[in-house]
Amino acid sequence: MKVILGIVFLAVLLTCSVAFAQTDAMTPADSTAADTLSPPAPPTDVKAVDTPNDHGHSITVTWKLSTDDGGGAKSVSHYEIFRSASPTGPFDSVGTAVAGQTIFVNGGDKEKQSEDYFPDDSNFYYRVDAVTMNDSVRSSSEIAGPAHAYGQWYNTGRTPVLVAVLLFMILTIYFVSRARKGQELYVRPLGGIEAVDDAIGRATEMGRPILYVLGLGTAADVATIAAFTVLGRVAKRVAEYQTDIIVPTYDPIVMTVAQEVVQSAYLDAGRPDTYKEDSVFFVTQSQFAYVAAVNGIMLRELPATNVYMGKFYAESLLLAETGAVAGSIQISGTDEIAQIPFFIVACDYTLIGEELYAASAYLGREPVLLGSLKAQDWGKALVIILAIAGIVAANFGWTWFTHLFKVAN
Amino acid sequence: MAMKRQIPFALVFIFGIFMLFQYFVPHESSEWVYEFLLDWIYIIGILALALGIWSLFRVSVDKIKTKKPNWVYSYVTLMGLFIMTVFGFTAKTGDSWGLYPVFVITFMLALFMLIQVLAKPASRNLYGLFGGAFLLAAVLIAILDRTWGFYFMEAKGLQNSMFRIFFDDVMMPILSTMFALLAFFIASAAYRAFRARNLLASLLLIAALIVMLRFNPYLPYAAYVAKVSNWLMNVPNLAGQRAIVIGIGLGIVATALKVILGIERGYMGKG
C-alpha cells in the first residue's frame with residue numbers, strides 16, 4: 001500500500017515538474033513573440049481643430065481607430081499624440097489615449113509665465129501613433145494641421161439656457177406690465193408670511209425683542225437678498241410697534257447692507273430717532289461660533305419671535321431647537337434642501353424653497369412683484385409640461401428631444 | 001438724493017447684465033473681467049471685515065459699560081479677538097522666544113485698559129495713563145527684542161506655537177463640540193415631531209422608522225427593510241427634492257432678474 005502511494009506521489013510530482021518546465025519554456029517563447037510583433041495599422045483621418053466653446057488655448061485632435069484596435073491583430077494598446085510647430089518636426093509627445101478612444105484634447109494654461117502655457121493663434125501640427133505593448137513597435141499617422149487655438153465669443157452649448165432665460169424674461173415683463181395696468185392677480189396664502197405681523201404683535205405685547213437671523217450666506221446669495229427684503233418689512237413693522245429688533249450677522253458685508261435696510265425701514269415708519277445702530281452687528285465668520293453666539297442671545301434676551309431667513313447649513317437645527325427651548329415663535333425660510341426638514345420640524349412656520357423668494361411680493365403686495373410671481377408660476381407649468389413630454393420622448397426613444405435641452409459646459 | 005439711489009441701481013444693472021452675458025461668452029477677455037470682478041469681491045470683503053470688527057468691538061464695549069447679562073464674556077471676546085491677531089502675525093526669528101511672553105502680557109493689559117477707558121468714562125484718565133504705559137512697553141519690546149518679529153506679508157505667524165495651541169487645541173474642539181450637539185438636538189426634534197397625530201403624520205413616522213432601521217443587520221427581514229428604505233429615499237424623497245429644486249431654480253432666476261431690472265429694491269433699504 002505504501003509503495004503504491006509512493007509511486008502515485010512521485011508520478012504527480014513528475015507531472016507538475018514537467019508542466020512547470022513547459023511554462024518556463026513557454027515564457028521565453030512569448031517574449032520572443034512580442035519582440036517580433038509587426039507594426040499595427042496606423043490611425044487614419046486625423047484632424048486637428050480648435051476646441052469649440054472655450055476661452056482658447058486648446059486644440060482637439062480626432063482620428064479613426066487603427067484596424068488593429070479591437071480587430072485585425074488586436075495589437076494596439078494605446079495611442080500617443082505628438083505635436084510640432086512645423087510639419088517637418090521635431091514632434092514632442094503631448095499625451096496618450098487608451099485603445100478605443102478617438103479624441104484627445106491638447107490644452108494648456110493661458111498664462112505666459114506658466115510651464116503649461118499654450119499660445120493662441122500659433123499653428124501646430126499633430127501626429128497620432130498607434131502603439132503596441134512594446135513601445136518601440138508602433139506606426140504613425142499622417143500629419144494633421146495646421147491648427148491654431150482661439151477663444152469663442154459665444155458658447156453654443158449653452159443655447160438652451162439662453163432660450164430659457166429669454167423666455168422667462170418675456171414672461172416676467174408680460175405679467176409685470178399686466179399687473180401695472182391694474183389687473184388683479186391671485187396668489188395663494190402662505191402661513192409663514194401671514195404669521196409675521198402676528199408674531200411682531202406678540203413680541204410687542206410681551207415686551208420682548210424680535211431676533212432676525214440672516215443665515216450664513218453672503219450678500220451675493222439670492223436667498224440673502226430675499227431675506228433683506230423680508231427684513232425691511234419686519235423692521236418697518238417693528239419701528240411702528242416700537243419693539244426691539246436684534247440682527248446678529250455672519251458676514252460683514254451682509255451686516256452693512258442689513259444696517260442700511262433697517263435704518264431705512266425706521267425712516268419709512270417715521271421713527272428714525274428710535275433706530276439703534278447696535279441692533280445690527282457682526283458676530284463672527286466661524287459657523288459654529290456664530291451659532292453659539294446666537295444661541296446665547298436667544299437664552300439671554302428671550303426674544304418672543306425668531307425669524308430665520310436666508311442660507312443655513314448644519315447650524316439650522318441648533319438654532320431652531322434652542323429657540324424652541326426659549327419659547328419663541330419661529331418663522332423660517334431657506335432654499336437649502338437639506339435644512340428644510342429641520343426647520344419644518346422645529347419651527348412654527350416654514351417657507352419652503354421658492355416661497356422665500358415670493359415673500360417680498362406677499363409682504364408688499366405690489367402689483368409689479370406679484371406679476372413676477374405669476375411669471376414664476378407659468379415657468380413652473382412649462383417645466384412640468386416639458387418634463388411630461390420628456391418622459392414620453394424617452395419611452396418612444398426620441399433622443400432628439402432630450403438633446404434639445406442638453407447643456408455643455 | 002436722487003443720485004444716491006440711481007447710481008447704485010445703475011451699477012447693479014450694468015454689472016448684473018454683464019455677469020449674465022459673461023456666462024454665454026467664453027472668450028478670454030470676458031473671463032478676465034469676470035475674474036477681475038471676483039477679486040474685487042475679496043477686496044470689498046476685507047474692507048467690510050474691518051467694519052465688522054469695529055461693530056463687534058463697539059457692541060462688546062457697550063455690553064461691559066451697561067453691565068448687560070454675562071457682560072464679563074465680552075472681555076473674553078475682545079481679548080480673544082486681538083490676541084489671536086497678534087499670535088497670527090508674529091513668529092520666532094531664532095531658537096528662543098526672548099521677551100515675547102512679556103510683550104503678550106503688556107499688550108493684553110494695554111488692550112484691557114483701552115476697553116476700560118471706553119467702558120468706564122469716569123475713570124478714563126487713570127485707565128488711559130496705565131494703558132499708555134503698557135502700550136509703550138509693548139512697543140519698546142517689539143522694537144528692541146530681535147528674537148521674534150512681525151510678519152505681515154508671510155504666513156509664518158500661522159505656525160506660531162501659541163496660535164496653533166489656541167486654534168488646534170482650544171477652538172477646534174469647541175467647534176466640534178457645538179457640531180456634536182446636533183446629534184442631541186436631532187433626537188429631541190424627532191421626539192417632538194414624529195407623533196401619530198393624523199394620517200400624514202403617521203405615514204411620516206412609519207417612513208422615518210423604516211429609514212432609521214435601514215442599516216440594522218440584526219432585524220428580521222433586514223434585506224426587505226433596506227429595500228423599502230432605499231425605495232423611499234430614491235423615489236418619493238428624491239422626487240420631492242427635485243420638485244423643490246426646480247422651484248428654487250426658477251425663484252433664483254426670477255429674483256435675480258428683479259434685482260437686475262430694479263424691480264426688487266429691498267436690499268437697498270427701500271421696500
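The values are calculated or read from the model by the stated rules, or taken from the named source; none is laboratory data. These numbers come from a predicted model, not from an experiment. No Cβ is skipped: glycine too gets one built from the backbone with ideal geometry, and neighbour counts run over all protein chains shown. Calculation scope for accessible area: heavy atoms of the full protein, side chains included, ligands and nucleic acids excluded. Shrake-Rupley method; radii C 1.70, N 1.55, O 1.52, S 1.80 Å.
So how tilted is helix B:199-212 from the main axis of chain B? Cα-based, degrees 0 to 90, rounded to 10. It is inclined by approximately 70 degrees.
Helix content alone sets the calculated 222 nm mean residue ellipticity of the protein assembly as shown: runs of n ≥ 4 DSSP H residues at -39500 (n - 2.57) each, divided across all residues, give -19000 deg cm²/dmol. Across all Cα pairs in chain B, the calculated P(r) in 5 Å bins from zero up to the longest distance comes to 1, 4, 6, 8, 9, 9, 8, 9, 11, 12, 10, 7, 4, 2, 1, 0 percent per bin.
Only protein atoms count toward the accessible area here, which uses a 1.4 Å probe; on the stretch B:1-68, the carbon and sulfur part of that area reaches 78 percent.
Rg/Rh for the stretch B:1-68 (Cα atoms only, Rh after Kirkwood) is 1.24. Here the stretch B:21-159 is described by how far its Cα atoms reach on the three principal axes: 64, 45, 23 Å, from widest to narrowest. Accessible area of B:Asp145 (1.4 Å probe, protein heavy atoms only, ligands and nucleic acids ignored): about 20 Å².
Between the helical axis of B:172-193 and the longest alpha-carbon principal axis of chain B there is an angle of about 30 degrees. Across the cross-link table entries B:Lys4/B:Lys258; A:Lys47/A:Lys406; A:Lys276/B:Lys65; A:Lys64/A:Lys112, which are compared at the Cα atoms, the separations over 23 Å belong to A:Lys47/A:Lys406; A:Lys64/A:Lys112.
The accessible-area ordering, largest first, of the residues A:Glu80, A:Glu184, B:Glu264, A:Glu194 stands as A:Glu184, A:Glu194, A:Glu80, B:Glu264, per a 1.4 angstrom probe. Selection among A:Val137, B:Ile64, A:Phe401 by position relative to the dipole of the protein assembly as shown gives B:Ile64 as farthest towards the positive end (Cβ unit charges, Cα centre). Listed by chain and number, the lysines whose alpha-carbon sits under 17 Å from that of A:Lys181, ignoring those within fewer than 8 places in the same chain, are A:Lys374.
Of the residues making up the stretch A:169-190, those losing 40 Å² or more of accessible area when the isolated chain is joined by the remaining protein chains, with a 1.4 Å probe, are A:Met169.
Probing with 1.4 Å while keeping every protein chain in the model, the per residue accessible area of the stretch B:107-232 equals 70 Å². Extension gain for the segment A:Asp121 to A:Ile388, taken as residue separation times 0.36 nm less the Cα-Cα distance, is 91.5 nm to one decimal. Residue-normalised convex hull volume from the C-alpha trace of the protein assembly as shown: 325 Å³ per residue. Surface listing: A:Lys236, A:Lys276 arranged by accessible area from highest to lowest gives A:Lys276, A:Lys236, probe 1.4 Å. Which listed residue (B:Phe152, B:Val104, B:Leu114) has the Cα farthest towards the positive end of the charge dipole for the stretch B:71-193, taking +1 on Lys and Arg C-beta and -1 on Asp and Glu C-beta about the Cα centre? Going by the charge dipole, the pick is B:Leu114. Among A:Glu354, A:Glu205, the order of accessible area from largest down is A:Glu205, A:Glu354, computed with a 1.4 Å probe on protein heavy atoms.
Relative to one another, the C-alpha centroids of the stretch A:123-164 and the stretch A:45-98 are positioned 7 Å apart.
Using a probe radius of 1.4 angstrom, the carbon and sulfur fraction of the accessible surface of the stretch B:71-193 is 76%. When the Gaussian network model of chain A links Cα atoms closer than 10 Å, the mean-square fluctuations of A:Lys311, A:Lys110, A:Lys374 top out at A:Lys110. Over all distinct Cα-Cα pairs of the stretch A:191-365, the Kirkwood formula returns a hydrodynamic radius of 15.5 Å. Candidate membrane-span-like segments in chain A, meaning DSSP H helices with Cα atoms spread over at least 20 Å of their own axis and a Kyte-Doolittle mean of 1.0 or above, are A:2-35, A:159-180, A:367-396, with no membrane implied.
Springs between Cα atoms under 10 Å define the GNM used for chain B, and in it the highest mean-square fluctuation of B:Val117, B:Val228, B:Val104 occurs at B:Val228. Largest GNM mean-square fluctuation across A:Asp335, A:Asp268, A:Asp92, computed for chain A with C-alpha springs under 10 Å, falls on A:Asp92. Put a dot 7 Å past the Cα of B:Arg58, heading toward its Cβ, do the same for A:Arg300, and the two dots end up 1.8 nm apart. Along the axis of the charge dipole computed for chain B (Cβ charges of +1 for Lys and Arg, -1 for Asp and Glu, origin at the Cα centre), the listed residues B:Ile210, B:Leu51, B:Leu250 are led at the positive end by B:Ile210. Under a straight-distance cross-link criterion of Cα-Cα below 12 Å, which aspartates and glutamates are reachable from B:Lys92, leaving out those fewer than 8 residues away in the same chain? Within the straight-line cut-off, B:Lys92 pairs with B:Asp145.
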